[in-house]
1. Per DSSP H run of at least 4 residues, take -39500 (n - 2.57); add these up for the chain, divide by its residues and hand me the 222 nm value, nearest 500 deg cm²/dmol.
2. With axes computed from alpha carbons, what is the tilt in degrees of helix 161-181 against the longest principal axis of the chain, rounded to the nearest 10 within 0 to 90?
3. Given H placed 1.01 Å from N in the peptide plane, which residues other than close sequence neighbours of ILE192 have an amide H under 5 Å from its amide H?
4. Pairing the Cα long axis of helix 46-58 with the longest principal axis of the chain, what angle in degrees results, from 0 to 90 and rounded to the nearest 10?
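None of the figures in this text is laboratory data; all of them are computed from the coordinates on show. Just so you know, these numbers come straight off a predicted model, no measurement behind them.
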Amino acid sequence: MSYRPATDLLNNKVILVTGAGSGIGAAVAKAYATHGATVVMLDKNIAKMELVYDEIVAEQHPTPALYPLDLKGASIADYDELVAKVTDNFGRLDGLVHCAASLGQLAPTQHHEPKIWLETLHINLTAAYLLTCACLPLLQKQDNAAIIFTTDSHKDKAYWAGYGVSKAAIETFSKQLADELENDNCIRVNTIDPGQVQTKLHSQAFPATDPSSLAKPEDIVGDYLYLMGEDSLAITGALIHSQ
């Protein structure tokens, strides 16, 4: 979207971003830091997170926090520990953005590997649910907190298997949660479909596509900024298409 956020849009906010080591997650983390937020970066790849960390610090934005965690094997206790550490170190949480995702296996239903199906749904759906539930009590302490999920328009196409099902489910979960929290008036819940973007996941799904023809992650962060800041206080339960 064509959105021009104020430089201080996210000043003094603490925002947790999953999948922050690369792709859209990294771009969102950098954009949030640029606009004043302290970003808690969650990813399983420490080296990639450190590169994003170095970029943010080099530009003299608020120093982010790194939280290595593999969603594939994380337990309920791991999510509770994460929230406890955010509370101890920052005392607040203003936003949660779900960018982490696994493509899994693109295959006909009858030939799909069951183990990969289960792992894909766990990473893309169950882990997002568990993390969201763990973060809700801390988010509810703020006046204008926000949760953003990331989906994919290919969700109901043939062969998209567990990945597609997980994205369809995430959209439903987002709307359910927005409806449940509507009278709470302190947490907005929305979903973004970023479209086709130059990411590792997209190259795995479409290996023959020329990535130079696609939008870069930095090109689509406007929606993530808009839905996290106070310019979108009246919006919840929405699905926004970036392209």
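1. Working: 8 runs with 96 residues, N = 243.
It comes out at -12500 deg cm²/dmol, rounded to the nearest 500.
2. 30
3. Placed amide hydrogens put PHE149, THR150, THR151, ILE240 under 5 Å from ILE192.
4. Its long axis makes an angle of about 40 degrees.
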